[in-house]
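Report on one structure; see the data block that follows.
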Amino acid sequence: MDSTHGLRILITGPDGQVGWECRRSLQTLGQVLSVGRAHCDLSRADAIRAAVRDASPDLIVNTAAYTAVDRAESEPDLARAVNADAPAVLAEEARRLGAALIHLSTDYVFDGTKPAPYIESDACNPLSVYGRSKLDGELAILASGAAALILRTSWVYATRGHNFLRTIVRLAREREELRIVDDQWGAPTWARSIAEAIAVIAARAGRDRATIAASLAERGGVFHMTAAGRTNWHQFAQRLLQRIADPERRLRSIAAIPSRDYPTPAHRPTNSVLDCTRLAGLWGVALPPWDVALDLAVDGDERAR
Ligand SMILES: NC(=O)c1ccc[n+]([C@@H]2O[C@H](COP(=O)([O-])OP(=O)(O)OC[C@H]3O[C@@H](n4cnc5c(N)ncnc54)[C@H](OP(=O)(O)O)[C@@H]3O)[C@@H](O)[C@H]2O)c1
C-alpha cells in the first residue's frame, strides 16, 4: 500500500494521553499527520487555520484540550480559547474542506445530580470552568454545520502522561497512607480503548473524504463513550494497587474519604456515569468494562510501576 492510500487524518494533541494512542491506532486507515503545540498553538485561530489548510485532511481528530480541571478555575480565558474557540475553528475549517471532525468532550458537562447514568439528551449544567468550556466547544461544533462526532468520555488514564493512575503509583512509593474520595462515581477510561474505538468508527464511516463526511453528517452529533460499569476513585485506586507489584511501595493503607474532606478549586460531579447505548446502537462500538481495561493497561507494562 502506498503512503497516499486511505484517509488523510490530522490529529491534534499528539503527545496527550488519547492523542498518543490515536497516532498508533489510526495508522492502518491511511496517512496520519499530527500537529503539536509547537506547530499549532490552539489558543491562536490563525495557527489552527494554517495547520488545517496545510494538511488538507479528510478527517480531523481533535484530542487536544486544556485538561487541568483545577487550574482552569484561575485561567478561564485560556481554557475557553483551547476548549471552546479552537474546536469552533477546527469545525469551520473541516466544513470548508468538506472534511469530518471527531472531537472529544467530557462527563464534566453534567452537574452529577442525576441518580442514574446520563444519556446524551440530558440537560448539561457544568460545575467548573473546564466543564463549561468543553460544553461551549460542543455547542460551537454543533452550530458550525460541520460533519462531526462529539465523543464524551470520562476519567481518562494511561500508563504514561499525567493522570490519576500515575499519581497513585507515585504516591504509593512516597507515602504510608493515602486518603481518596469515595463519593464521586464514574467510569475510568483507558486512553487506548478510546483510540481503538475512534479507529473503528473512522473505518466504519468511510474510506474517502466525501463518504466519511456524509457518514458523520448522517450519524453524527453527541455520543457517550466511556468504559462500561462504574466505580469511585477510592475503589479505582485499590484495584490498581492490587494489580501492580511494586517493590518500592511504602503504602500501608488507603482511607476512603468524602469529597468535602478533599476540597479542590473546581467542583466535580458526584455522579458522572454515562450511558453509552447510543454509540453501541448507531456505530456498533462499546468499550470494555473499566476493571478489564485497567488490568490490560497495567499487565506487564513497566511504566505503570
Ligand atoms: N483526562 C481526562 O480525565 C478526561 C476526561 C474526560 C474527557 N477528556 C477529554 O479527552 C480529550 C483527551 O484528553 P487527554 O487526557 O488525552 O488530554 P491530555 O493528556 O491532557 O493531553 C492534552 C493535549 O492537549 C495539548 N494542548 C493543550 N493546550 C494546547 C494548546 N494551547 N495548543 C496545542 N496543544 C495544546 C497538550 O499539549 P502539551 O503536551 O504541549 O501540553 C496535550 O498534548 C480532551 O478533549 C479532554 O477534554 C479527558
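The values are calculated or read from the model by the stated rules, or taken from the named source; none is laboratory data. Keep in mind the model is a prediction, meaning the values are calculated, not measured. FYI the Cβ positions are ideal-geometry reconstructions off the backbone, even for glycines, and counts take in every protein chain you see. We work out accessible area using only protein heavy atoms, side chains counted, and drop any ligands, DNA or RNA first. Shrake-Rupley method; radii C 1.70, N 1.55, O 1.52, S 1.80 Å.
Conditions (1) buried (at least 16 other Cβ atoms within 10 Å of the Cβ); (2) under 26 Å from Ala143 (Cα atoms), marked per residue:
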{"residue": "Pro188", "(1), (2)": "yes, no"}
{"residue": "Ser193", "(1), (2)": "yes, no"}
{"residue": "Ile201", "(1), (2)": "yes, yes"}
{"residue": "Thr211", "(1), (2)": "no, yes"}
{"residue": "His234", "(1), (2)": "yes, no"}
{"residue": "Pro265", "(1), (2)": "no, no"}
{"residue": "Ser272", "(1), (2)": "yes, yes"}
{"residue": "Thr277", "(1), (2)": "no, yes"}
{"residue": "Trp283", "(1), (2)": "yes, yes"}
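From Val61, Val52, Val32, which residue is in a strand (DSSP E or B), among the hydrophobic types (A, V, I, L, M, F, W, C), in contact (Cβ under 8 Å) with a residue 12 or more places away in the chain and closer than 16 Å to Ala146 by Cα?
Sole residue among the options that is in a strand (DSSP E or B), among the hydrophobic types (A, V, I, L, M, F, W, C), in contact (Cβ under 8 Å) with a residue 12 or more places away in the chain and closer than 16 Å to Ala146 by Cα: Val61.
Conditions (1) within 13 Å of the ligand (Cβ to nearest atom); (2) open to solvent by 30 Å² or more (accessible area, probe 1.4 Å), marked per residue:
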residue	(1), (2)
Asp15	yes, yes
Val18	yes, no
Ala47	yes, no
Asp70	yes, yes
Arg80	yes, yes
Ala86	yes, no
Gly98	no, yes
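Quick one: in the range 1-13, which of the residues that are in contact (Cβ under 8 Å) with a residue 12 or more places away in the chain and hydrophobic (A, V, I, L, M, F, W, C) is nearest to the ligand (Cβ to nearest atom)? Before you say what the answer is, go through the steps one by one.
Our first condition is that a residue be in contact (Cβ under 8 Å) with a residue 12 or more places away in the chain; within the range 1-13, this holds for 3-13.
Then keep just the ones that are hydrophobic (A, V, I, L, M, F, W, C); that gives 7, 9-11.
On the way: Leu7: 20, Ile9: 16, Leu10: 13, Ile11: 10 Å.
So the residue we want is Ile11.
One line per residue, one yes/no per condition, for (1) surrounded by 19 or more Cβ atoms within 10 Å (Cβ to Cβ); (2) among the aliphatic types (A, V, I, L, M); (3) outside any helix (DSSP H, G or I):
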{"site": "Ala65", "(1), (2), (3)": "yes, yes, yes"}
{"site": "Ser105", "(1), (2), (3)": "yes, no, yes"}
{"site": "Ala116", "(1), (2), (3)": "no, yes, yes"}
{"site": "Gly131", "(1), (2), (3)": "yes, no, no"}
{"site": "Leu135", "(1), (2), (3)": "yes, yes, no"}
{"site": "Leu142", "(1), (2), (3)": "no, yes, no"}
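Name, by its number, the condition in (1) free of Cβ contacts under 8 Å to residues at least 24 places away in the same chain; (2) assigned to a helix (DSSP H, G or I); (3) of a type in the set (D, E, K, R) that does not hold for Asp41.
Of (1) free of Cβ contacts under 8 Å to residues at least 24 places away in the same chain; (2) assigned to a helix (DSSP H, G or I); (3) of a type in the set (D, E, K, R), only one is false for Asp41: (2).
Every residue in the range 114-165 that is polar (S, T, N, Q) and under 26 Å from Gly206 (Cβ atoms), please. Spell out how you get there, then give the answer.
First pass over the range 114-165, keeping only residues polar (S, T, N, Q): 121, 125, 128, 133, 144, 153-154, 159, 163.
Hits for the range 114-165 are Ser144, Thr153.
Looking only at the range 3-12, decide whether some residue is at pLDDT 95 or above, open to solvent by 10 Å² or more (accessible area, probe 1.4 Å) and within 19 Å of Leu149 (Cβ to Cβ).
Yes, because at least one residue in the range 3-12 is at pLDDT 95 or above, open to solvent by 10 Å² or more (accessible area, probe 1.4 Å) and within 19 Å of Leu149 (Cβ to Cβ).
Just give me the residues in the range 20-40 being open to solvent by 50 Å² or more (accessible area, probe 1.4 Å) and within 13 Å of the ligand (Cβ to nearest atom), in sequence order.
Hits for the range 20-40 are Arg23, Ser34, Arg37, Ala38, His39.
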